[in-house]
Amino acid sequence: MTSPLPGQAPDGQAARPLGVAMIGYAFMGKAHSAAWRTVGSHFDVPRIARRVVVGRDAARTAEAAERYGWEESATDWREAIHRDDVDIVDICTPGYLHADIAIEALKAGKHVLVEKPLANTIAESTEMVAAAVDARRHGIQSMVGFNYRRVPALAHARDLIAAGRLGAIRQLRVAYLQDWLTDADAPMTWRLRKETAGSGALGDIASHALDQVQFLTGEAVTEVSGRLRTFVEERQGPDGREPVTVDDAAWITAELSGGAIATVEVSRVATGVKNGLRIEVFGDHGALRFDLENLNELWFMEVMGPATEQGFRRILVSEPEHPYLAAWWPQGHIIGWEHTFTHQLRDFLTSIRTGDAPRPSFEDGLQIQRVLAAVEESAAAKSTVVQIGSADHAQP
């Protein structure tokens with residue numbers, strides 16, 4: 001008799017809860033904790049138990065565990081992922097730690113969810129994909145946390161595009177703008193050091209924007225040209241002034257496998273914009289507009305009827321027929337940014353139950369890493385067009 005997969009039980013026995021270890025407890029750890037707490041209340045998913053949260057500072061990690069509802073805290077991630085009562089490893093650390101944790105967890109037979117971007121380099125991402133492919137043969141699932149795929153309005157937009165409502169996609173304009181680094185006196189953080197963050201606005205928020213370009217269209221980015229800029233070149237660190245070694249903003253022009261052109265602009269110094277992911281998609285039969293700061297709204301137009309009646313119409317994405325929303329509130333009752341993480345866990349846990357590989361996969365994460373690396377190469381060569389390296393990649 002073969003051994004059951006994590007969370008499964010021998011025939012005739014009730015499955016025990018899937019035990020979760022979360023590595024990292026800061027911003028993303030807080031968001032993920034809220035999702036682990038709520039997913040079973042709203043969706044039909046396997047039962048989970050929040051076993052342990054792991055961080056470097058014992059006191060702060062213990063405080064986070066108590067506040068966020070985890071059973072225990074720990075400081076050794078290796079010990080945590082090898083526990084017999086842990087079946088899922090949720091990685092919410094800076095990118096430079098992703099590869100080691102994910103690979104060891106997969107080899108230990110644990111399902112793995114890792115925050116985007118997949119890793120800081122193509123080499124690390126490639127090793128993670130190899131580990132994920134091998135684990136998948138044994139029924140172990142892995143997924144990258146591009147949570148904006150789970151915004152109901154964007155999931156609905158993808159459905160409209162896939163159904164041909166916009167016709168042939170010609171161009172996309174995407175801007176992901178924030179202003180939390182506008183102040184030149186804002187202190188140094190790990191997000192501003194290349195050795196820990198990999199890149200700045202490029203890896204942090206352009207990764208989201210580029211994933212949306214591919215997710216919405218179902219096409220892959222095949223070539224890019226780009227520019228990067230660091231506006232504040234030094235910031236105050238714990239030991240004095242130190243150089244900022246990543247970008248503050250990026251500008252990208254990308255060609256897609258179907259022939260469409262996407263322009264992507266990202267910045268963490270865009271004064272007055274708090275978290276504005278703005279997307280426009282233009283086809284020969286229609287168009288779509290979306291803004292994350294109004295995430296329950298999708299603006300849609302079709303080229304039909306007389307010219308005097310054409311124009312964008314507002315869709316309030318709150319009906320139970322819209323993606324994910326049947327599990328929440330009566331129609332018209334809007335949801336928020338945090339719900340995307342609950343939806344992400346719903347899809348991940350459903351994949352663990354069914355055995356179907358979840359998306360975005362580690363392969364999808366590697367594709368984004370290849371695009372980010374090509375943008376850096378292009379920027380270093382003053383916007384030379386760079387072809388994206390080949391990878392096994394097919395967007396869902």
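Protein heavy-atom surface of region 147-201, 1.4 angstrom probe: 49% of the accessible area is carbon and sulfur, with nucleic acids and ligands not counted. The trypsin sites (Lys or Arg not before Pro) of region 101-157 meeting both criteria, a DSSP state outside H, G, I, E and B (loop) and at most 12 other C-beta atoms within 10 angstrom of the site's C-beta, are ARG137.
If you run the Gaussian network model on the chain, springs between alpha carbon atoms under 10 Å, then out of ALA108, ALA163, ALA254 the most flexible one is ALA163. Under 5 Å between amide hydrogens, built in the peptide plane, is the criterion, and for VAL53 it picks out MET22, GLU72, SER73, ALA74 among residues at least 5 positions away or on other chains. Close amide-amide hydrogen proximity is noted between GLU223 and GLU255, ILE388, each under 5 Å apart and 5 or more residues distant or on a separate chain (H modeled in the peptide plane; Pro and chain starts excluded). Normalised per residue, the accessible area of the chain is 44 Å², obtained with a 1.4 Å probe and no contribution from ligands, DNA or RNA. What the phi angles of region 349-355 give under the Karplus curve with 6.51, -1.76 and 1.60, with θ = phi - 60°, is a coupling list of 5, 5, 5, 4, 5, 8, x Hz, glycine and proline written as x. Each Cα pair under 8 Å and six or more residues apart adds its separation to the average, and for region 28-94 the resulting relative contact order is 28 percent. Per-residue 3J(HN,Hα) values for region 278-287, derived from phi via the Karplus relation 6.51 cos²θ - 1.76 cosθ + 1.60 with θ = phi - 60°, read 10, 10, 10, 10, 10, x, 7, 10, x, 8 Hz in sequence order (x marks Gly and Pro). Here the accessible area of region 320-362 is 54 percent carbon and sulfur, with a 1.4 angstrom probe and all protein chains present. When the chymotrypsin sites (Phe, Trp or Tyr not before Pro) in region 215-308 are filtered for DSSP coil states and for at most 15 other beta-carbon atoms within 10 Å of their beta-carbon, the remaining sites are PHE231. Among DSSP beta bridges lying fully in the chain, give the percent that are antiparallel, nearest 5. Antiparallel: roughly 60 percent of the beta bridges in the chain.
Using C-alpha pairs below 8 Å separated by at least 6 residues, the relative contact order for region 290-392 is 15 percent. Measuring against 23 Å, Cα to Cα, the residue pairs LYS110/LYS194; LYS30/LYS107; LYS116/LYS194; LYS116/LYS274 contain LYS110/LYS194; LYS30/LYS107 as the ones spanning a longer distance. Among the chymotrypsin sites (Phe, Trp or Tyr not before Pro) in region 317-365, those placed in a DSSP loop whose Cβ has at most 15 other Cβ atoms within 10 Å are TRP337. Residues whose amide H falls under 5 Å from that of ARG235, counting only those 5 or more places apart or on a different chain, are GLU242, VAL244, with hydrogens built in the peptide plane.
For the chain, averaging the sequence separation of C-alpha pairs within contact (under 8 Å, six or more residues apart) and dividing by the residue count gives a relative contact order of 19 percent.
The values are calculated or read from the model by the stated rules, or taken from the named source; none is laboratory data. Since we're looking at a predicted model, the values are computed, not measured. As a convention, Cβ positions derive from the backbone with ideal geometry for all residues, glycine included, and neighbour counts pool all protein chains shown. Each accessible area value is taken on the protein alone, full model and side chains, heavy atoms only, with ligands, DNA and RNA left out. Shrake-Rupley method; radii C 1.70, N 1.55, O 1.52, S 1.80 Å.
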